[in-house]
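First the structure, in the form of structure tokens, and then the observations on it.
The values are calculated or read from the model by the stated rules, or taken from the named source; none is laboratory data. What you are looking at is a predicted structure, and each value in this text was computed from that prediction instead of being measured. Cβ placement follows ideal geometry from the backbone for every residue including glycine, while neighbour counts extend to all protein chains displayed.
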Amino acid sequence: MYFTRTSYTLALGYLFCLLACGTTSRSPLETSADLPTELNVRTATSYLSFNPDDASLPIFRDGQAAPILIDESDFPGVARVAGHLAADLEMTTGRLPETLSHSTEQTIPLAIIVGTLGKSRLIDQLAAAGKIPAAALQGRWEKFYLTTVDKPFENIERALVIAGSDKRGTIYGMFDLSEKMGVSPWNWWADVPVERQSFLGIRPGLYTDGEPKVKYRGIFINDEAPALSGWVHENYGKFNHEFYGKVFELILRMKGNYLWPAMWGRAIYDDDPRSPELADEYGVVLGTSHHEPLMRAHVEWDRYGEGAWNYNTNPTVLQDFWRKGIQRMGDNESIVSIGMRGDGDEPMSEESNIALLEKIVRDQREIIAAETGKAVEQTPQMWALYKEVQEYYDKGMRVPDDVTLLLCDDNWGNIRKLPPPDAPARSGGYGIYYHYDYVGGPRNYKWINTNNIARVWEQMQMAYEHQVRQVWIVNVGDIKPMELPTQFFLDLAWDPEQLDHEQMTRYTRQWAHQQFNDFRTGEIAYLLDQYSKFNSRRKPELLNLPTYSLTQYDEAAGIVADYKALEARARSILNDIPVAYHDAFYQLVYFPIAASANLNELYFSRNVNQWYAAQGRVATNRWAEKVKACFTRDSLLTYYHNHLLADGKWNHLMDQTHIGYTYWQQPPNNNMPELTYLQPEDRGRLGVWLPGQDREVQEKEFNTLPTLYPQLQETTFLKLFNTGKTPLSYQISSNQDWVKPEVTSGLITTEQRIGIGIDWEQLPPEASDAQLTVSSPGQDPRTIHLYVNRNNIPHQSSLYVEQNDVVSIKAESGYIAHNGAGIEWRTIRNYGRTGDGIKAFPSTVTIAPDQLSEDTPHLTYDFHLASGGDFDIKLLLGPTIDFYDKGGLLTAISIDGQTPRVLNIHDPEQYRWDRSVSRNVNEVTTRSFIPPGKHQLKIWHLDPGIVFEKIVLSRSGKKDNTFLGPPPTFKR
């Protein structure tokens, strides 16, 4: 706290005088009729003014800061956070608020009065006098008010009053004021500076953030080695209360209230008993993870356990072990995990032994009741249906109604189970355990943020719609670099109704403004949106597997180009941003973009190296050197982040290895990918490659460029390459004057891309094909065919058209939405891998296939085929899981009024799940004969939770080795 012992005593004496002299006694539930109407702090104009205004109450003006008054009878955590508020005011104004010296004749012009209803005599007296609305706080959960009061007490002229319904309500009120002053929750954790202000005023009104919609909202520090553990050990020696104090403060600044502490080799109660004491003082609710029953950390069994972690053979020892956990917990506010998994986050047994687990739960609840001395229902408990434990529930095991059922995702952000809309309410309710970080198959992902908040919103909003509102907790790994998605998760948990499907980009803009004030926030928000979308397509740890296509649509090169464009924009901002914001921008924006761009370029270069080597291209070695350069740059970026950023404050937090995975577990060190070097001959040969082909052009084979369409005014290209050291001359000719190569002759040292265009004005009406000839001295010429498709394509701009045997439709573009049956189609901004997503809301309405009719909600897309035939119709969808566990998720498609064809998008086979989460997409394909001309494709809503990203119609037999699917083929 900021009070000195003497001044604090004098201030308390002054407060006791106020309480004794008081005003007219009234019931705390009475309120004055002229109190203003509630204003929501998130939607109303900010209550804080930075410009002198007669209508605002100045809490800082002319170098003078209003003192902060609290009652000594209030919670110690309130006093502690009042110290944080004072420090925040000092950062904002340069002046630490002074404490009051007691004087019975002293008149205080203004003050900041902080307290908890029913705990602070100051607040209770204001309530009794009708100066604050006590009735609206009484019995509420974590609610606060900020309001200005004239003459709150005899010797105080005016005051800002921050009143809470409980300890956390009061704390949230103080931290809300800090946030409005410009103190980001990431001020310490990400070096976000505070803008200095010469005036702070509070506008008249009664401001509140209401009550949270989700009761317990928290984070799980997990998989904390080597990054966070190395940083903690260097700075704190161990995971002690000094470290956790920073964590508790961070959680509360984001209006969270719950923590699963670090657990691999750590035990918050055992490592430093001051840590749980401090958590309780702050008001942070402690729990233990899904496989740590009765407040005992996993590592404590290694430290103190005797015998096997087996309830069949060792129940007495386990009961004693758990009993000590509850004894140690005492009265600390906690949520007790119950149940049992195997030692080390593994299944307890190969089969679901329901009878044994039911007995374990009964015995654990008896321990809880005996050791707390309260009815067992009065101690919050949860049973996590994590991994194989969900099988127990699916096979009929149940726990008492007061126990929260903690539902889980699949470790990759896809919720596995939700209660049906007609499920009976539970007094313990439901929760969700979600992941931003994971150790396990198909690969670990721990290094960098890969979480697209639009996807997080979609899944957690679906949970909220299914009444999952008791607990939301997210695995954030090392905390950094998950700053943006962590704050989003906690903001969303506070009030999911405040963020709708179109507000994802608005949220990142607001978040960018919070961290960087008014400096290019729109651009920064764009960078945050795009890099997280790009990284969510394919986790960096999975990039060493064949990913993006080198041959089709320039996909792999386009991915690298997109990343490099982001990095260039981020570097521009880094170069221009005020010095005070440099470190924050580097760690929150620039580093994840630059490091991700570099890693994608590394693996792209390695794949090109291998591809070129197979063709004997002389450029092979250049791409090997590019891989080495990227590998070196990765280490330099890491070195800067660890050792130079913020004077080395964040050393070790980028220690996580991420290059050279060979299976699910991380490599001990970053390893250079295998490279190939060639020893080219002095004189090689001229090679020709055409887009979409796996190998170079062969002299005696039929070779063709992609078909071109007059209405689309397209161009195409070919690549020439050399396999030797000596430059080779070439010539390109055509049998048609309307074919226009970019160049017709030259020398090839390594490789050259040559554009092939069409003079559309000179194209004769009957022309449809041409031949190009590529020749080089000493080699047989290569003949390449070029076709122009003269079939008429309608001119409607909204139409999707066939191009080279493919129609590719962006789900969120060019559709007509047909709503009904309580369903509305909505676009989720920034959701998909390449665009947005479209989904039927709410996520609780199921329509049986036999009820499908023209009135069933559906989407209609127009498209045109140049020629008819058998087409594969592929839906690319969000990787949603069958969360009702009913054997699948159904949708339906139809073409031109045909009977809708029902498709099941869910395949429970493990290999399909691996593929789905690795590619962050679900795919389902059907086949249909479609004649040439204009058509309508309809997609029908049956099961909820399905998000549509792209629809691809490809002529049967058409090869597609792309990762993202063909780019959209709209008529421009």
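A single entry from Gln665, Gln698 fulfils the requirement of being more than 30 Å from Asp914 (Cα to Cα), in a loop (DSSP other than H, G, I, E, B) and not assigned by TED's automatic domain parsing to the domain that holds Gly441: Gln698.
As for segment 932-943, it holds no residue that is farther than 23 Å from Glu714 by Cα and either small (Gly, Ala, Ser) or assigned to a helix (DSSP H, G or I) (or both). Residue count for segment 761-783, restricted to those that are in a strand (DSSP E or B) and either without any contact (Cβ under 8 Å) to a residue 24 or more places away in the chain or not assigned by TED's automatic domain parsing to the domain that holds Thr715 (or both): 1. Is one or more of the residues making up segment 951-966 surrounded by fewer than 20 Cβ atoms within 10 Å (Cβ to Cβ), basic (Lys, Arg), at pLDDT 95 or above and farther than 22 Å from Tyr831 by Cβ? Yes, that holds for at least one residue.
Could you check segment 713-753 and list, in sequence order, the residues that are within 22 Å of Lys958 (Cα to Cα) and surrounded by 15 or more Cβ atoms within 10 Å (Cβ to Cβ)?
Initially, segment 713-753 is screened for residues within 22 Å of Lys958 (Cα to Cα), giving 714-718.
Correct list: Glu714, Thr716, Phe717, Leu718.
Identify, please: which residue in segment 281-296 is assigned to a loop (DSSP other than H, G, I, E, B) and hydroxyl-bearing (Ser, Thr, Tyr) and is, among those, surrounded by the most Cβ atoms within 10 Å (Cβ to Cβ)? Step through it out loud before you land on a result.
Initial filter on segment 281-296 (assigned to a loop (DSSP other than H, G, I, E, B)): 283-284, 287-292, 296.
Next, only the ones that are hydroxyl-bearing (Ser, Thr, Tyr) stay: 288-289.
Working: Thr288: 27, Ser289: 24.
Going through the qualifying residues, I end up with Thr288.
Residues of segment 743-760 include none that is within 28 Å of Ser549 (Cα to Cα), aromatic (Phe, Trp, Tyr) and assigned to a loop (DSSP other than H, G, I, E, B).
Of everything listed in (1) crowded, with 20+ Cβ neighbours inside 10 Å; (2) under 28 Å from the mean Cα position of the chain (by Cα), the single unmet condition for Gly648 is (1).
Which fully enclosed strands (runs of 3 or more DSSP E) of segment 346-461 have 2 or more residues being over 24 Å from the mean Cα position of the chain (by Cα)? Before the answer, list the steps.
On the way: elements: 381-384, 404-408, 430-435.
Per the criteria, 381-384.
You will find that of Pro420, Pro424, the residue that is of a type outside the set (A, V, I, L, M, F, W, C), at negative phi, free of Cβ contacts under 8 Å to residues at least 24 places away in the same chain and surrounded by fewer than 22 Cβ atoms within 10 Å (Cβ to Cβ) is Pro424 and no other. Kindly indicate whether Gly305 is surrounded by 15 or more Cβ atoms within 10 Å (Cβ to Cβ), under 12 Å from Thr288 (Cβ atoms), modelled with pLDDT of 95 or more and not aliphatic (A, V, I, L, M). Considered against the rule, which asks whether it is surrounded by 15 or more Cβ atoms within 10 Å (Cβ to Cβ), under 12 Å from Thr288 (Cβ atoms), modelled with pLDDT of 95 or more and not aliphatic (A, V, I, L, M), Gly305 comes out as no. Only residues that are over 25 Å from Ile123 (Cβ atoms) and buried (at least 24 other Cβ atoms within 10 Å of the Cβ) were counted in segment 141-183, giving 0.
Could we say that Phe721 is in a strand (DSSP E or B) and aromatic (Phe, Trp, Tyr) here? Full working, then the answer.
Numbers: in a strand (DSSP E or B): yes; aromatic (Phe, Trp, Tyr): yes.
Yes; evaluated as a whole, the condition is true for this residue.
So, Tyr603, is that one in contact (Cβ under 8 Å) with a residue 40 or more places away in the chain and among the hydroxyl-bearing types (Ser, Thr, Tyr) or not? Quick ask: steps written out before the conclusion?
On the way: in contact (Cβ under 8 Å) with a residue 40 or more places away in the chain: yes; among the hydroxyl-bearing types (Ser, Thr, Tyr): yes.
When the stated conditions are applied, Tyr603 passes them.
In segment 846-853 there is at least one residue matching the filter, namely being within 28 Å of the chain's Cα centre (by Cα), surrounded by 15 or more Cβ atoms within 10 Å (Cβ to Cβ) and assigned to a loop (DSSP other than H, G, I, E, B).
Being surrounded by fewer than 14 Cβ atoms within 10 Å (Cβ to Cβ) and of a type in the set (Lys, Arg), is that true of even one residue in segment 670-689? Yes. The set of residues from segment 621-656 being in contact (Cβ under 8 Å) with a residue 40 or more places away in the chain and either among the charged types (D, E, K, R) or in a loop (DSSP other than H, G, I, E, B) (or both) comprises Arg622, Lys628, Lys649, Trp650, Asn651, His652, Leu653, Met654, Asp655, Gln656. Output the residue which, of all residues in segment 352-402 that are small (Gly, Ala, Ser) and under 12 Å from Arg341 (Cα atoms), is surrounded by the most Cβ atoms within 10 Å (Cβ to Cβ). It comes out as Ala384.
Just checking, does segment 877-889 include any residue being β-branched (Val, Ile, Thr), surrounded by 21 or more Cβ atoms within 10 Å (Cβ to Cβ) and within 31 Å of the chain's Cα centre (by Cα)? Yes; the residues of segment 877-889 include at least one that is β-branched (Val, Ile, Thr), surrounded by 21 or more Cβ atoms within 10 Å (Cβ to Cβ) and within 31 Å of the chain's Cα centre (by Cα). For segment 434-451, the criterion of being under 23 Å from Pro944 (Cβ atoms) and β-branched (Val, Ile, Thr) is met by none of the residues. Restricting segment 875-930 to residues that are charged (D, E, K, R) and not in a loop (DSSP other than H, G, I, E, B), the residue that is nearest to Lys387 (Cα to Cα) is Asp914.
For the structure I just gave you, tell me whether Ser165 is hydroxyl-bearing (Ser, Thr, Tyr), modelled with pLDDT of 95 or more and out of contact with any helix residue (DSSP H, G or I) (no Cβ under 6 Å at 6 or more places or on another chain).
Values: hydroxyl-bearing (Ser, Thr, Tyr): yes; modelled with pLDDT of 95 or more: yes; out of contact with any helix residue (DSSP H, G or I) (no Cβ under 6 Å at 6 or more places or on another chain): yes.
So Ser165 passes the test.
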